[in-house]
Amino acid sequence: MTTPTALSVNLNKVALVRNTRQLGIPSVLRAATICLDAGAHGITVHPRPDARHIRPDDVRELHALVAGRPGVEFNIEGNPFHNLMDFVRELRPHQCTFVPDAQGQATSDHGWDLQADARRLQPLVAEANALGVRVSLFMDPAPQAMADAKAVGADRVELYTESYASAFGTARHEEVLRGFTQAARAAQAVGLGVNAGHDLSRENLTAFLRAVPGVLEVSIGHALISDALELGYAATVKAYLASIARAFEGTPS
């Protein structure tokens, strides 16, 4: 059977709720522990410069937690021209995902324009690689841009999946999904690994993974934490793992 896609849990929304009070609850570290105990393969955080959710101390504590769990990966997302590289240099996570967010942006909403940004990105990708850190570039599902991502030195791309989530269940679903399939194949053709994330959910994840070949990791935060408010962290992680497993049912070993 083909190895299923890894599930990395993004904990930003847990931190966002915690930060509304001075009580330290809900605990980001406790959330990570429960999710990993339930079978999640990794933890993702996106510490923004204004620390409105994940804070620097969270990043360090989660890094220490993951370091004690062989086989579990830590992924730090962010803009490498803002605060991301400070964490990469200090902690050397398994993976850093370069995201082109503006300083006050509410959430990620577009991939890199490598025609404009490649020259600035290239030395930072090289620096992260030299530190032993895998680099993934947050990219729109544009097949023609994948060769540019490889030329910058990236190891992987994370396909920005909001357009898929928005089209899911509509007349445009199949057309949009084909675009992601083509983008993934274009990335793999030039030697890039493929991740995916943003607005993936229990409802749309299986169909995405069935159609898009070779996705190595999905990073899911908003929908997963929303589900956990009703189901609890452990049951929610198991439900997402089941959604992933269904995508691989019947695949040859």
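Projecting the Cα atoms of 139, 168, 34 onto the charge dipole of the chain (Cβ charges, centred on the Cα centre) puts 34 farthest toward the positive pole. Going by neighbour counts of Cβ atoms within 10 Å, the residues 208, 87, 81 line up, fewest first, as 81, 87, 208. Calculated mean residue ellipticity, 222 nm, the chain: -13500 deg cm²/dmol, from DSSP H runs (n ≥ 4) at -39500 (n - 2.57) each, averaged per residue and rounded to 500.
Going by the alpha-carbon gyration tensor, a ≥ b ≥ c the square roots of its eigenvalues, is the range 6-247 rounded (a/c under 1.5) or, if a/c is not under 1.5, prolate (a/b greater than b/c) versus oblate? Taking the square roots of the gyration eigenvalues as a ≥ b ≥ c, the range 6-247 is oblate.
Considering only 201, 25, 189, the residue lying farthest towards the positive end of the dipole of the chain is 25, judged by Cα position with unit charges set on Cβ.
In plain terms, the residue of 110, 94 with the fewest other Cβ atoms within 10 Å comes first and the most crowded comes last, giving 110, 94. Each Lys and Arg adds +1 at its Cβ and each Asp and Glu adds -1 at its Cβ; summed about the Cα centre, the chain shows a dipole of about 360 debye. Relative to one another, the C-alpha centroids of the range 142-160 and the range 184-253 are positioned 20 Å apart. For the pair residue 103 and residue 175 in one chain, pulling the backbone fully straight at 0.36 nm per residue adds 22.6 nm over the alpha carbon distance.
Restricting the range 116-191 to trypsin sites (Lys or Arg not before Pro) that sit in a DSSP loop and have at most 13 other Cβ atoms within 10 Å of their own Cβ leaves 172. Ranked by how many other Cβ atoms sit within 10 Å of their own Cβ, fewest first, the residues 127, 90 fall in the order 90, 127. Entry note, the chain: relative contact order of 21 percent, from Cα contacts under 8 Å with a spacing of 6+ residues.
Full extension of the chain segment joining residue 82 with residue 110 gains 8.4 nm, where the gain is 0.36 nm per residue of separation less the Cα-Cα distance.
Comparing mean-square fluctuations of 71, 214, 132 from a GNM of the chain with C-alpha springs under 10 Å, the top value falls on 71.
Every number in this text was worked out from the coordinates using simple rules, so none of it is lab data. Predicted, not measured: the structure shown is a model, and the values here were computed from it. We place every Cβ from the backbone using ideal geometry, glycine too, and count neighbours over all the protein chains shown.
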